[in-house]
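The values are calculated or read from the model by the stated rules, or taken from the named source; none is laboratory data. Treat the numbers as computed from the prediction; the structure is a model and nothing was measured. So basically every Cβ, Gly included, is an ideal-geometry build from the backbone, and we count neighbours across all protein chains shown.
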Amino acid sequence: MIFVTGANGLLGSKICNMLVENKQQVLALVRKNSDLSLLEKIRDNITICYGDILFPEEFEERLNEVDTIIHCAAVVSFHKSDKELMETVNVNGTSNMVNLALRKGINYFVHVSSVAAIGRMAMAGTVTENDTWQHSNLNSNYAKSKYLAELEVWRGIEEGMNAVIINPSVIISSDDLTRSSGQLFNYILDENKFYPTGSINYVDIRDVLNVIGKLLNQRKTNERYILNGGLVKYKTLFEEIAKRLNKKPPSIKSNDLLVKVGLLLERVKCFFSGNKPLITKETAQMSKSEIYFSNEKVKQELNYTFAPLADTLDWTCNQIKNKNN
């Protein structure tokens, strides 16, 4: 049986669907009162386990028949107010799962991290799995929490746990346009006018699932793998999305002054709406980056080929149009 944390999330739910398709038994960890809509189609084919990774004693006994843990649960945020929450959930929660895996003698542990956890000292260049964390103001609070979470996994490996770490870039998916990469598509649907100056690393969610499937079969351990389909300019990405969604692409290049104005307007809008701003200082800084996260290791060691951007956008935009219709 495979235990999936964060099973009702964007990636976690897709992993559960993949496992069900592969005839695997799934124990899906979700918190009480969670939205399970992304698990609706496979609800009768999985076992729901209610619990919180901050309180592993709530579900420890349920892991007696578990062979593998896929740890997806995490808080993703680029808002200063969520710093403490990310430290608690991403770091302490991962520590709890590692300790639980060691106590239960779990055979295999897949930790879903992020390219953000590798860290960087510059706004451009190439980053590989061999690059070590560098303390820098270029690293977001989210990045720091994911780096510290990885340290917990490496500790578990030193204590005898068979584990692998995957570091996806921005995962392209259409399941929820209000979160993660879905906001990029929503930005185009709303026909916003501005585009960032930098580039974005992206990966098709189907590629992430395929690599996880390969790792479950091959049981690679004591390794980390960057999962990245490529690097593309925001301007190009937005134009390609707009073309597929029959929308006007952003046409005005943002500069420092426009970013400052955008930050101010976002704060005002969110003050009245009660929502968190889409644009923050961290996201504004990241949008100017030209860093490329190399995918050579996973391509060579797992003999894997990532989907071309055109295929990813065709598939994703078709799903969005079908939902809207």
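Some values worked out for this structure:
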{"quantity": "Residue in the range 177-189 that is more than 30 Å from Lys243 (Cα to Cα) and either out of contact with any Gly (no Cβ under 7 Å at 6 or more places or on another chain) or not hydroxyl-bearing (Ser, Thr, Tyr) (or both) present", "calculated": "no"}
{"quantity": "Residue in the range 246-262 that is among the β-branched types (Val, Ile, Thr), farther than 29 Å from Asn217 by Cα and modelled with pLDDT under 65 present", "calculated": "yes"}
{"quantity": "Residue in the range 198-214 that is modelled with pLDDT under 95 and of a type in the set (Lys, Arg) present", "calculated": "no"}
{"quantity": "Selected residue (only one of Val91, Val26 is surrounded by fewer than 21 Cβ atoms within 10 Å (Cβ to Cβ), touching a Leu at 6+ places or on another chain (Cβ under 9 Å) and modelled with pLDDT of 95 or more)", "calculated": "Val91"}
{"quantity": "Output for the range 139-177, where each listed residue is closer than 21 Å to Asn17 by Cβ, under 14 Å from the mean Cα position of the chain (by Cα) and of a type in the set (A, V, I, L, M)", "calculated": "Ile166, Val170, Ile171, Ile172"}
{"quantity": "Among residues of the range 292-307, those that are among the hydrophobic types (A, V, I, L, M, F, W, C), touching a Leu at 6+ places or on another chain (Cβ under 7 Å) and at pLDDT below 95, counted", "calculated": "0"}
{"quantity": "Looking only at the range 158-178, and only at residues there that are under 20 Å from Asn8 (Cα atoms) and free of Cβ contacts under 8 Å to residues at least 60 places away in the same chain, the one that is surrounded by the most Cβ atoms within 10 Å (Cβ to Cβ)", "calculated": "Val170"}
{"quantity": "Positions within the range 184-204 being in a helix (DSSP H, G or I) and surrounded by 21 or more Cβ atoms within 10 Å (Cβ to Cβ), in sequence order", "calculated": "Phe185, Ile188"}
